[in-house]
Amino acid sequence: MLTLSGILIVVVGFVAGLNPLLVVTVAAIVTGLAGGLDVITVISAFGKAFNDSRYVSIVWLVLPVIGLLERTGLKERAQQLIGHIRGATTGRVLLLYLILRQGTAALGLTSLGGHAQMVRPLIAPMSEAAAETRFGALPDAVRFEIRAHAAAVDNIGVFFGEDIFIAIASVLLIRGFLHQNGIDVEPLQLSVWAIPTAIAALLIHGTRLMLLDRRLKRDLGRGAAR
């Protein structure tokens, strides 16, 4: 029963509001010691787990790079760029990103986009700049709505696009689940059947983006005219 003491430490630590990383680390060490392992073995297990999953940690290297680019004016440059394109609207910018995100995800390139890498530093500022070019200064509510749409485009694009790629984890998970229940389906079959769903998602959300343009024109166009 002592090996379950780690759970108690996690619960008490989270309730007390302590640092989650510290709480989980202490809980893991206590659990290992209670299970009969020595300190060296427990620390070695930490190192092995980190080394085996080191590719997960690589993603976090992107965040300081993006932060540095933002500090040196990445968002402002993106806004200036989109401001010089006469036909650019918020809906069109987001629709273009939706097509690119879904298309690259269908090829298995799911890491080419993302909220931290693309939406925050580029897509959201460009979408806001497209609206500001047409209607002037934006109310905070409209600005937050545009940012929400930018995040949604990324989610929808990758969610419905990645299932077309046969080697993606979601396809393999579905195949494994069906196989356990006596239904043998090849990954290629699942990918083919994911194409109509992806097309439907593109059409439906693309329509929503065009309606977003109309709503912005209706709500903000009057103010710009004044």
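The values are calculated or read from the model by the stated rules, or taken from the named source; none is laboratory data. Just so it is clear, the structure is predicted and the values come from calculations on it, not from any experiment. When we count neighbours, we look across all protein chains shown, and the Cβ atoms used for this are built from the backbone with ideal geometry, even at glycine. The area values use the complete protein model at the heavy-atom level, side chains included, leaving out ligands, DNA and RNA. Shrake-Rupley method; radii C 1.70, N 1.55, O 1.52, S 1.80 Å.
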(Q) Can you find, within region 40-58, the residue that is modelled with the lowest pLDDT among those that are open to solvent by 80 Å² or more (accessible area, probe 1.4 Å) and either closer than 26 Å to Leu8 by Cβ or of a type in the set (Val, Ile, Thr) (or both)? (A) Ile58
Q) Hey, among the residues in region 66-86 that are farther than 30 Å from Arg208 by Cα and open to solvent by 80 Å² or more (accessible area, probe 1.4 Å), which one's modelled with the highest pLDDT? A) Arg71
Q: With respect to Thr89, determine if the residue is in contact (Cβ under 8 Å) with a residue 40 or more places away in the chain, open to solvent by 60 Å² or more (accessible area, probe 1.4 Å) and over 30 Å from Ile174 (Cβ atoms).
A: no
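Yes or no, residue by residue, for (1) touching a helix residue (DSSP H, G or I) at 6+ places or on another chain (Cβ under 6 Å); (2) in a helix (DSSP H, G or I); (3) under 26 Å from Ala150 (Cβ atoms):
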position	(1), (2), (3)
Asp163	yes, yes, yes
Leu172	no, yes, no
Ser191	yes, yes, no
Thr207	no, yes, yes
Met210	yes, yes, yes
Asp213	yes, yes, yes
Q. Is it the case that region 17-33 has a residue that's of a type in the set (Val, Ile, Thr), at pLDDT 80 or above, part of a helix (DSSP H, G or I) and exposed (fewer than 12 other Cβ atoms within 10 Å of the Cβ)?
A. no
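The rows are residues; the columns are (1) modelled with pLDDT of 90 or more; (2) touching a Gly at 6+ places or on another chain (Cβ under 7 Å); (3) open to solvent by less than 40 Å² (accessible area, probe 1.4 Å); (4) on the phi < 0 side of the Ramachandran plot.
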site	(1), (2), (3), (4)
Gly114	no, no, yes, no
Arg120	no, no, no, yes
Glu132	no, no, no, yes
Pro139	yes, no, no, yes
Ile146	yes, no, yes, yes
His149	yes, no, yes, yes
Q. Counting just the residues of region 101-111 that are surrounded by 15 or more Cβ atoms within 10 Å (Cβ to Cβ) and without any contact (Cβ under 8 Å) to a residue 60 or more places away in the chain, which one comes out nearest to Lys217 (Cα to Cα)?
A. Gly103
Q: Name every residue in region 124-144 that is free of Cβ contacts under 8 Å to residues at least 24 places away in the same chain and assigned to a helix (DSSP H, G or I), in order of residue number.
A: Asp140, Ala141, Arg143, Phe144
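Step by step: first the residues of region 117-175, then only those that are of a type in the set (Val, Ile, Thr) and touching a Phe, Trp or Tyr at 6+ places or on another chain (Cβ under 9 Å), then the one that is farthest from Gly73 (Cα to Cα). Which residue is that?
My answer is Val171.
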